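A.B. asks: Pasting a structure here, questions to come.
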Amino acid sequence: MSKSGPQATRPHIPGYGVPKTRKGMLPWEEVAAAFARSPRYWIATTDDDGTPHVIQQWGAFIDGSLYFEGGSHTRWARNLARDPRVAVSVETEGLAIMVEGRVDRLTPDAGLADAIIAAYRTKPYGYVPEVKNWEGDGLVAVRPLKVFAWRFESFNTTATRFQFA
């Protein structure tokens, strides 16, 4: 993502009256902040036979990436190890937000680990992750490629697509 954020354009949604002008498009800062505050994230992966698999995860959205944890033995983790493409969706604060991206597994540096833990503390989980759980490949980072967002009450005038470099 560039310093100025992703490029905002209109999504192609025929038949719904989405205008071609920029008027009414959502600002990235608003979408990113709402995504970060979401209590839960719905994550879609693809099984080895091509069927979809969806799971709810807790996570932290920091500096343009969504971080969540889990063991490499889980179905979603095995799917992402085979195919790093992922979709994540939330409904929050009157917004529908859908992310398409790729994942990396990582062990964060101390600064990022502190930021992730701090973000978890703002959520209603009552759970705070432990850095020791992330050693090796216990932490997943979703790197967005495209994000689609709109307000529920004004879908056709606020529909916005964000493209990442």
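The values are calculated or read from the model by the stated rules, or taken from the named source; none is laboratory data. Just so it is clear, the model here is predicted, and its values are computed rather than measured. Neighbour counts run over all protein chains shown; Cβ positions are idealised from the backbone, glycine included.
A.B. asks: Within region 48-66, restricting attention to residues that are in contact (Cβ under 8 Å) with a residue 12 or more places away in the chain and within 19 Å of Arg82 (Cα to Cα), which residue is surrounded by the most Cβ atoms within 10 Å (Cβ to Cβ)?
C.D. replies: Ile55
A.B. asks: Can you tell me how many residues in region 131-165 are closer than 19 Å to Gly59 by Cβ and either surrounded by 12 or more Cβ atoms within 10 Å (Cβ to Cβ) or in contact with a strand residue (DSSP E or B) (Cβ under 6 Å, 6 or more places away or on another chain) (or both)?
C.D. replies: Of the residues in region 131-165, 18 are closer than 19 Å to Gly59 by Cβ and either surrounded by 12 or more Cβ atoms within 10 Å (Cβ to Cβ) or in contact with a strand residue (DSSP E or B) (Cβ under 6 Å, 6 or more places away or on another chain) (or both).
Table: residues versus (1) hydroxyl-bearing (Ser, Thr, Tyr); (2) modelled with pLDDT of 95 or more; (3) under 14 Å from the mean Cα position of the chain (by Cα).
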residue	(1), (2), (3)
Arg10	no, yes, no
Ile13	no, no, no
Gly17	no, no, no
Pro27	no, yes, no
Ala32	no, yes, yes
Ala36	no, yes, yes
Pro39	no, no, yes
Ile43	no, yes, yes
Asp47	no, yes, no
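A.B. asks: Could you please find all residues in region 1-18 being part of a loop (DSSP other than H, G, I, E, B) and in contact with a strand residue (DSSP E or B) (Cβ under 7 Å, 6 or more places away or on another chain)?
C.D. replies: Within region 1-18, Pro6, Arg10, Pro11 meet the criteria.
A.B. asks: Select from region 19-44 the residues that are in a loop (DSSP other than H, G, I, E, B), aliphatic (A, V, I, L, M) and in contact with a Phe, Trp or Tyr (Cβ under 9 Å, 6 or more places away or on another chain) and list them in ascending order.
C.D. replies: Result: Leu26, single match.
A.B. asks: Filtering region 96-114 down to residues that are free of Cβ contacts under 8 Å to residues at least 40 places away in the same chain and within 20 Å of Trp42 (Cα to Cα), which residue is surrounded by the fewest Cβ atoms within 10 Å (Cβ to Cβ)?
C.D. replies: Across region 96-114, the extreme among qualifying residues is Asp104.
A.B. asks: Return the residue satisfying two criteria in turn: it lies in region 103-128 and is in contact with a helix residue (DSSP H, G or I) (Cβ under 6 Å, 6 or more places away or on another chain) and assigned to a loop (DSSP other than H, G, I, E, B), and of such residues it is modelled with the lowest pLDDT.
C.D. replies: Of everything passing the filter in region 103-128, Thr107 is modelled with the lowest pLDDT.
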